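S.K.: Questions regarding the structure given below will be posed in turn.
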Amino acid sequence: DTGVSQDPRHKITKRGQNVTFRCDPISEHNRLYWYRQTLGQGPEFLTYFQNEAQLEKSRLLSDRFSAERPKGSFSTLEIQRTEQGDSAMYLCASSFWGNYRGYTFGSGTRLTVV
Amino acid sequence: AQTVTQSQPEMSVQEAETVTLSCTYDTSESDYYLFWYKQPPSRQMILVIRQEAYKQQNATENRFSVNFQKAAKSFSLKISDSQLGDAAMYFCAYRSAYYQLIWGAGTKLIIKP
C-alpha cells in the first residue's frame, strides 16, 4: 500500500460542467476526509466518512457537492454545475479511528474552472 | 467554534540555524490534538509532529520540537539545524472532538543557503 491516491491530479473544466474526483485511502483506514484548499490558505474541511457512512458535512458543502464512499473503500467527490469559485485543490486524507497519530494525505486534485 | 491562527505569513532562516514558527488556537475543549504539517510546493501534506493536549511533555521528532503552552493556547514549532529540504508551507492544525482538522493559514518557510 503506497498511501492515499487521488485521481486525477489536475482537472480543467468549463463553468457549468460536472466533475468527479476519486480518492483511494490506505486500505486499513476506516476514516476518509475531504478538504478544499485555495491558494495561500489552509485547507477547509468539507466532509468525512467512517467506513461507508458520511458522518459530517461542512456548511461549505453546497447542494452542488456530493460525496460517496461505497463499501467503505474508495470515495468520490462530485461537483455539479461548476463555478469559477470552485477552483481549488481538493485534498483527501485517511486515518484509522482510534489511532490518533494523524492523517495521511493524498497529493490532491487541482481543479481549474474556466 | 475553534480557530487556529498563524501570525507569520513568511519566515526565513539561514541554513543550519534554528527557527520557530508560531501558532495560537482558541477552544473550549479540554482534550484535543494539535499537529504541524508541512506542504512542499506542489507536493502532498506531510505530518511533521503531533501533540496530545493531555500530555505536558512537549513532543519531539528529530530536529523538530514543539513548545506547547496549554493555558496560553500556544503551540509553536522549533526547527533546529535548518536544511534546504525544510523549505515549505507549514500549517498548524487542531483536531476537534468531531475529528475534523481546523487549520491555520500557514507560514511559508524560506531557507537561505
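The values are calculated or read from the model by the stated rules, or taken from the named source; none is laboratory data. Being a predicted model, the structure only gives us computed values, none of them experimental. Cβ coordinates were reconstructed from backbone atoms using ideal geometry, including for glycine residues, and neighbour counts include every protein chain displayed. Side chains are part of the model used for accessible areas, which takes the heavy atoms of the whole protein and leaves out ligands, DNA and RNA. Shrake-Rupley method; radii C 1.70, N 1.55, O 1.52, S 1.80 Å.
S.K.: Could you work out what % of the accessible surface of region A:1-75 is carbon and sulfur, using a 1.4 angstrom probe and leaving DNA, RNA and ligands out of the count?
M.R.: Result for region A:1-75: 44 percent of the exposed heavy-atom area is carbon or sulfur.
S.K.: Percent of Cα-Cα pairs more than 19 Å apart in chain A, please.
M.R.: That fraction is 40 percent.
S.K.: A further question follows. Name the residues of region B:27-59 whose accessible area falls by at least 10 Å² when all protein chains are present instead of the chain alone, probe 1.4 Å?
M.R.: Those are B:Y33, B:F35, B:Y37, B:Q39, B:S42, B:Q44, B:M45, B:L47, B:R50, which lose 10 Å² or more relative to the chain on its own.
S.K.: Exposed loop trypsin sites (Lys or Arg not before Pro) only (DSSP loop, at most 14 other Cβ atoms within 10 Å): please give the longest stretch of chain A free of them, not including the sites.
M.R.: By the stated rule (loop sites, at most 14 other Cβ atoms within 10 Å), A:16-58.
S.K.: Based on the Cα atoms of region A:25-67, what semi-axes does the equivalent ellipsoid have, where each is the square root of 5 times one gyration tensor eigenvalue, given in whole Å with the largest first?
M.R.: 20, 14, 7
S.K.: Taking C-beta distances below 4.7 angstrom as the pairing criterion, name the unpartnered cysteines of the protein assembly as shown, in sequence order.
M.R.: none
S.K.: Here's something else I'd like to know. Rg (Å, one decimal) plus Dmax (Å, integer) for the alpha carbons of region B:1-51?
M.R.: For region B:1-51, the Cα radius of gyration and maximum Cα-Cα distance read 13.4, 39 Å.
S.K.: Work out which chymotrypsin sites (Phe, Trp or Tyr not before Pro) in chain A are exposed loop sites (DSSP not H, G, I, E or B, at most 15 other Cβ within 10 Å) and give the longest gap free of them.
M.R.: Result, exposed sites excluded: A:1-95.
S.K.: Moving on to the next point. Average projected area of the Cα convex hull of region A:49-114, in nm²?
M.R.: The Cα convex hull of region A:49-114, projected and averaged over all directions, gives 5.2 nm².
S.K.: What longest region of chain B stays clear of chymotrypsin sites (Phe, Trp or Tyr not before Pro) that DSSP places outside H, G, I, E and B and that have at most 12 other Cβ atoms within 10 Å?
M.R.: The reported range is B:1-53.
S.K.: Expressed as a whole percent, how much of the Cα-Cα distance distribution for the protein assembly as shown exceeds 30 Å?
M.R.: Result for the distance tail: 25 percent.
S.K.: Rounded if a/c is under 1.5, else prolate if a/b is larger than b/c, else oblate: which is region B:41-113, with a ≥ b ≥ c the root eigenvalues of its Cα gyration tensor? Walk me through the numbers before you get to the answer.
M.R.: Numbers: a/c = 2.17, a/b = 1.39, b/c = 1.56.
Oblate shape, in that a/c is at least 1.5 and b/c is the bigger or equal ratio.
S.K.: Using protein heavy atoms only (no ligands, DNA or RNA), what is the total accessible area buried between B and A, 1.4 Å probe, nearest 100 Å²?
M.R.: Protein heavy atoms only, the B-A interface buries about 1800 Å².
S.K.: Do any trypsin sites (Lys or Arg not before Pro) in region B:8-76 lie in a DSSP loop with no more than 14 other beta carbon atoms within 10 Å, and if so, which?
M.R.: Answer in residue order: B:R43, B:K55, B:R63.
S.K.: Too long at a 21 Å Cα-Cα cut-off: which of B:K78/B:K112; B:K55/B:K78; A:K57/B:K38; A:K11/A:K57; A:K57/B:K108?
M.R.: Over 21 Å apart, Cα to Cα: A:K57/B:K38; A:K11/A:K57; A:K57/B:K108.
S.K.: Here is a further query. With every protein chain present, what is the per residue accessible area of chain A (1.4 Å probe, Å²)?
M.R.: Value for chain A: 51 Å² per residue.
S.K.: Moving on to the next point. Using a 1.4 angstrom probe on heavy atoms only, work out the carbon and sulfur share of the accessible area of region B:1-102 in %.
M.R.: Reported share for carbon and sulfur atoms: 45 percent.
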